[in-house]
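Below: one structure, written as structure tokens.
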Amino acid sequence: MVSSTNTEALPWAVKTLHVLGFDKFNKLSETSRRQCLWLLKQLMKAGSTTPALPGAVIAFLRQLTAGDHWKNQALIEGFLDVFADNRQYLEGPAGVPILQMAFIVFSRLIQYHHRDLQYQSIKDREVDFCIDWIRTRFSECFLPLGKELARSLLAISKMPKMKEVWQDAISNGKALSSTFEGLPQLLQVPLRSIRWIIAHHVTTELDKKINFLLSQVRAAQHARYSEIFVRQYLNSPESELLLPEIIRFVVRVVHPTNEVLASDVLQRWNFILLLLMQCKTAAALNSSLLALFYDWLLVDATDNNIMFIEPAILLLMHIRLHNNVKVLNKPLFSTLITYLCKTPFELFPTLSERLRQNVVMCFRHVMEKRVVQANMPEMLTEPLNEEQRLVLRKTFPEIFGPLSDDPSLPSPSTANNGRALESKENLVEMGEPAEPSHHVKASSPEIEAVSVKKEPKDEVPVRNVAELKSMSTLLPSHIQDLLLRMNGGTNEEQCAAMEDFVGEIVHKGPVLEDEDYWEQLAEALAFVLKPKCDRFTMPATVDVQSIENSVQAPVFILCRRLWEENNLGEPRRRLAALLGIMEQFMPSIAFLLLYYLVYKSSLMNDADLEVAYADLETFWEAVHARISPAAPLNAESYVVYLAESLRRAGEQDHKLLVYLAVAALHHLPVLKDQPSVVEALVAFIDAWDLKQLLIQILQKKIKLFTDKGCGPVIRESLKWESIEQTFFWKLFQAHNFKTDNWMFQLLEVIDLKKHPEAAMYLIEYIKDKPPREEVIRELMRRDYDREEETFISLALNWSAKSTVEQLGDTIAKVLAKAVKDAQKKRTASVPMKGTKPENVTVEQVLGHIEGIQNFVAELDQSRQRKSRDNDLTQVLYHPHLQLAIKLAKGAVSASVKDKYREVFTLIMDEEEEEENVKSGAKKGAKRKGKAGKASSTSKEGNDDEPSHSEEEAEIPAPPRNKKQRSKINSD
């Protein structure tokens with residue numbers, strides 16, 4: 001039937017079907033749905049070559065949902081009938097996306113229909129459909145689905161018929177396709193080409209609701225909208241199967257902008273927490289957690305987006321201290337950690353080490369991208385009990401620290417024996433699995449329990465003794481003994497050993513010329529101190545007592561002895577040299593020294609503070625002389641050193657960075673207007689830190705910028721990340737500048753399209769100021785861009801504030817000076833070297849005027865009337881601007897006149913109005929033969945009009961207002 005119709009109308013019909021399926025499905029009646037399905041069937045049967053037909057079929061497939069409503073069953077059976085009757089169409093190229101989508105949908109429906117015998121017949125049809133096509137067109141259709149296919153097959157692999165397909169996929173790939181080599185190949189397929197599949201995991205209605213929740217719902221409305229969402233979509237029996245699909249959709253598809261992430265809008269991790277709280281069975285929770293951590297376990301090197309792993313780590317970080325957050329009567333945080341430890345060994349046993357390394361890579365990735373703090377490992381292990389902490393460290397020693405070589409420690413797989421995601425009978429081995437190097441079995445439960453009790457809660461992993469001895473061969477035996485004492489024991493014992501160590505080095509150490517000795521000594525000492533120093537963070541409560549307690553550590557004894565040696569004698573030189581060499585092996589020593597100096601200076605009176613920070617500079621000179629003796633000693637290198645120290649502190653703990661920066665900025669004026677210092681701050685702080693810095697600035701305790709010196713910081717900030725620029729402008733806004741020098745420096749370098757963060761602050765600042773010639777000239781120096789209408793928006797704002805006269809007059813001045821520059825350049829006998837290429841040109845000004853003109857025309861069109869009463873229209877018809885446009889018309893070439901002919905119609909409209917006024921005056925005159933006199937009067941008046949061929953760029957006065965000419969020409 002369809003083949004006999006007009007084929008030219010088929011694309012329109014298919015497009016309409018796509019709209020109905022994608023956007024209007026819920027509004028269709030049952031009869032309309034059956035008719036749409038019938039039409040799709042006929043189009044496929046006729047072999048329609050319309051490219052949009054697969055998209056229309058997929059739009060309707062996306063609406064298939066589980067549930068016991070007869071309408072759902074009828075629609076599912078209808079699609080199965082359509083596919084059975086159109087096998088030839090599905091075997092063609094157009095059938096590939098349809099079959100891919102159908103398999104993903106039916107694999108989800110099979111899970112629901114498998115639970116109840118009343119759906120046995122429809123379940124059998126769904127299973128037969130999936131098995132038939134997966135064995136027929138595996139390489140063409142299903143292999144590109146990659147790990148999404150593996151996840152779908154894994155969910156239904158327990159069913160008898162599907163079990164055979166799953167076993168073939170993991171152990172006998174040739175049974176599915178001659179080119180398929182098994183599960184590893186399937187898991188390595190990139191997902192870039194089938195992103196649309198993941199985007200279609202949920203219905204269109206659910207898609208819109210989720211995007212609304214994660215982009216519009218503010219903090220005050222979270223509870224209300226969450227309750228509505230749960231009641232509407234997650235309150236039915238089939239919702240248990242919907243939870244993993246929603247989580248997968250949120251992780252892979254919904255990626256909010258930086259503005260949304262920094263606002264109080266409902267965040268993805270919070271929404272996922274809401275979904276996990278709805279899990280009523282262990283199976284639903286396991287499926288949901290697999291959807292959440294799937295990209296952790298199977299990292300795609302070609303599509304490794306931080307947004308895929310961000311929700312999981314943020315969820316862990318936010319609920320780690322909330323034991324009252326429970327799912328299935330168990331704390332959710334412990335459940336997540338346990339799942340993350342056991343799943344790499346149980347999901348695909350033959351690939352266990354690869355999956356474990358993928359999780360390690362994700363942990364490192366979130367720390368490198370600063371999604372979480374650098375001390376994330378300590379923050380995650382702190383709430384765990386000893387057994388859980390032990391398993392976490394054993395599973396991921398690269399992140400959470402190695403353990404001592406105790407053969408009695410349990411392995412993650414033995415600790416979770418019998419709780420695998422899939423039983424061994426469902427997983428066929430593809431060879432001997434590689435045993436991880438850290439994978440050690442416990443000899444007995446009793447030994448395991450004893451070994452757990454031996455590890456103190458806050459113990460720092462002890463460094464390898466043999467390695468320490470190997471790097472200290474040049475050191476005397478008593479120095480080696482002191483290093484071994486610092487390598488183990490309690491904190492008090494380590495501090496006592498450090499006191500003895502410093503005494504030996506300061507008073508009995510060899511001369512500094514023995515470089516090999518000092519380098520080995522510094523390397524060995526850094527090797528011992530580094531584990532604890534790399535875990536140093538700010539106390540939870542910052543007061544004198546907590547800060548004093550925090551400096552009771554071996555490394556701060558070095559800092560104290562340097563502080564106490566207030567002369568420049570040999571002991572101070574030795575300590576400075578030792579710390580300078582240690583910085584090569586332990587970079588954190590720089591900001592730890594600064595931390596100690598800040599602590600000591602807080603105990604001093606104001607008169608001694610200058611001396612204290614002078615000692616810091618003296619120490620820096622000693623360290624600098626050891627590290628870079630050839631480099632010059634100046635204030636610039638000092639600032640670079642301090643900025644790098646602050647950056648390292650931020651990498652370890654952002655609160656430590658803020659603490660050090662506030663103290664340093666308060667006492668060291670050299671740090672003001674330094675791009676490297678500001679960048680170190682904004683690169684690591686969060687919103688809470690930003691508020692604390694703003695308070696310090698408003699209270700006049702610190703100052704980051706000065707009026708004259710902020711230019712380099714502004715120019716450098718344009719190269720930073722978006723969130724860093726946003727924080728920078730917040731800090732900049734807190735300063736009160738007496739002049740606008742910064743604004744003109746910014747206008748010279750900013751690209752209003754490429755630098756939206758700076759542009760937003762600039763617009764906010766300029767819009768509240770009266771229009772100034774310098775500002776308008778800088779704004780007009782950029783070619784008019786319809787997609788970037790900053791000047792038009794500002795002009796509309798200025799004109800609305802009763803500054804129409806001033807705005808029109810200012811634009812006229814800018815245009816007149818541009819005309820004058822162009823005429824001088826054209827009439828000069830030699831090229832003018834004094835003309836700056838960055839000066840605004842006539843064409844640029846005319847372009848912006850044309851933009852205003854188009855904006856006014858669109859405004860008049862929307863109002864369906866043309867009015868000259870609005871503000872921008874008055875600007876366009878301002879007398880001085882009219883005269884400037886006339887002057888420009890006489891100075892530009894014919895091509896420019898043609899390009900901006902719409903602008904020049906403004907002066908034509910003005911002339912027409914003048915003629916209308918004059919003709920009206922003629923009609924109103926007496927009819928006694930005075931027409932000739934009126935004509936001569938008019939002619940005389942026309943003789944006074946300015947000539948457009950003049951070479952002078954001054955704006956002539958309007959015929960009826962000579963005062964305005966002097967106002968323009970005064971410039």
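When you check Phe705 against the structure, is it closer than 25 Å to Asp785 by Cα and touching an Asp or Glu at 6+ places or on another chain (Cβ under 8 Å), yes or no?
no
Looking at the stretch 216-231, is at least one residue closer than 25 Å to Ala155 by Cα, out of contact with any strand residue (DSSP E or B) (no Cβ under 6 Å at 6 or more places or on another chain) and surrounded by 15 or more Cβ atoms within 10 Å (Cβ to Cβ)?
Yes, because at least one residue in the stretch 216-231 is closer than 25 Å to Ala155 by Cα, out of contact with any strand residue (DSSP E or B) (no Cβ under 6 Å at 6 or more places or on another chain) and surrounded by 15 or more Cβ atoms within 10 Å (Cβ to Cβ).
Considering only helices (runs of 4 or more DSSP H) fully contained in the stretch 163-240, which possess at least 2 residues that are without any contact (Cβ under 8 Å) to a residue 40 or more places away in the chain?
By residue number, 204-216, 222-233.
For the condition in contact (Cβ under 8 Å) with a residue 24 or more places away in the chain, open to solvent by 10 Å² or more (accessible area, probe 1.4 Å) and farther than 23 Å from Val840 by Cα, what is the one hit in Asp783, Asp707?
Asp707
Right, Val506: open to solvent by less than 20 Å² (accessible area, probe 1.4 Å), within 26 Å of Leu468 (Cβ to Cβ) and in contact (Cβ under 8 Å) with a residue 60 or more places away in the chain or not?
Yes.
Residue under question is Val528, and the condition is that it be part of a helix (DSSP H, G or I), at pLDDT 70 or above, within 23 Å of Glu378 (Cα to Cα) and not assigned by the TED database to the domain that holds Leu392; does it hold?
Yes; evaluated as a whole, the condition is true for this residue.
Taking the stretch 317-369, which residues are part of a strand (DSSP E or B) and either free of Cβ contacts under 8 Å to residues at least 24 places away in the same chain or farther than 17 Å from Ser287 by Cα (or both)?
Across the stretch 317-369, the qualifying residues are Lys326, Lys330, Pro331.
Can Lys158 be described as farther than 30 Å from Pro256 by Cβ, open to solvent by 10 Å² or more (accessible area, probe 1.4 Å) and assigned to a helix (DSSP H, G or I)?
no
Kindly indicate whether Arg268 is among the basic types (Lys, Arg) and surrounded by 20 or more Cβ atoms within 10 Å (Cβ to Cβ).
So Arg268 fits the description; yes.
Working carefully through the options Ala822, Ala818, Ala828, find the one that is at pLDDT 75 or above and open to solvent by 10 Å² or more (accessible area, probe 1.4 Å).
Ala822
Go through Ile811, Ile776 for me and flag whichever is of a type in the set (Val, Ile, Thr), assigned by the TED database to the domain that holds Val875 and either at pLDDT 85 or above or crowded, with 16+ Cβ neighbours inside 10 Å (or both).
Result of the check over Ile811, Ile776: Ile811.
Suppose we filter Gln699, Gln733 for residues that are of a type in the set (S, T, N, Q) and within 26 Å of Ile750 (Cβ to Cβ); which single one remains?
That would be Gln733, the only listed residue that is of a type in the set (S, T, N, Q) and within 26 Å of Ile750 (Cβ to Cβ).
Show me the helices (runs of 4 or more DSSP H) found entirely inside the stretch 9-69 where at least 1 residues are within 25 Å of Gln118 (Cβ to Cβ).
Filter on the stretch 9-69 gives 30-45, 53-61.
When you scan the stretch 327-336, do you find a residue that is over 29 Å from His654 (Cβ atoms), modelled with pLDDT of 90 or more and among the hydroxyl-bearing types (Ser, Thr, Tyr), even just one?
Among the residues of the stretch 327-336, not one is over 29 Å from His654 (Cβ atoms), modelled with pLDDT of 90 or more and among the hydroxyl-bearing types (Ser, Thr, Tyr), which makes the answer no.
In the stretch 750-773, how many are surrounded by 13 or more Cβ atoms within 10 Å (Cβ to Cβ) and part of a helix (DSSP H, G or I)?
Of the residues in the stretch 750-773, 11 are surrounded by 13 or more Cβ atoms within 10 Å (Cβ to Cβ) and part of a helix (DSSP H, G or I).
One line per residue, one yes/no per condition, for (1) under 30 Å from Asp809 (Cα atoms); (2) more than 27 Å from the chain's Cα centre (by Cα); (3) of a type outside the set (Ser, Thr, Tyr); (4) part of a helix (DSSP H, G or I):
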residue: Phe684; (1), (2), (3), (4): no, no, yes, no
residue: Val713; (1), (2), (3), (4): no, no, yes, yes
residue: Glu724; (1), (2), (3), (4): no, no, yes, yes
residue: Phe727; (1), (2), (3), (4): no, no, yes, yes
residue: Met743; (1), (2), (3), (4): yes, yes, yes, yes
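Looking at Leu28, Leu64, Leu40, Leu80, which one is without any contact (Cβ under 8 Å) to a residue 24 or more places away in the chain and assigned by the TED database to the domain that holds Phe106?
Only one candidate passes the filter, namely Leu28.
If you scan the stretch 779-797, which residues turn out to be farther than 16 Å from Gly808 by Cα and either assigned to a loop (DSSP other than H, G, I, E, B) or in contact with an Asp or Glu (Cβ under 9 Å, 6 or more places away or on another chain) (or both)?
Across the stretch 779-797, the qualifying residues are Arg781, Arg782, Asp783, Tyr784, Arg786, Glu787, Glu789.
The values are calculated or read from the model by the stated rules, or taken from the named source; none is laboratory data. Since the structure is predicted, the reported quantities are computational estimates derived from the model, not experimental observations. Glycine gets a Cβ as well: all are built from the backbone with ideal geometry, and neighbour counts include every protein chain shown. What goes into the accessible areas is simple: the full protein's heavy atoms, side chains included, and nothing from ligands, DNA or RNA. Shrake-Rupley method; radii C 1.70, N 1.55, O 1.52, S 1.80 Å.
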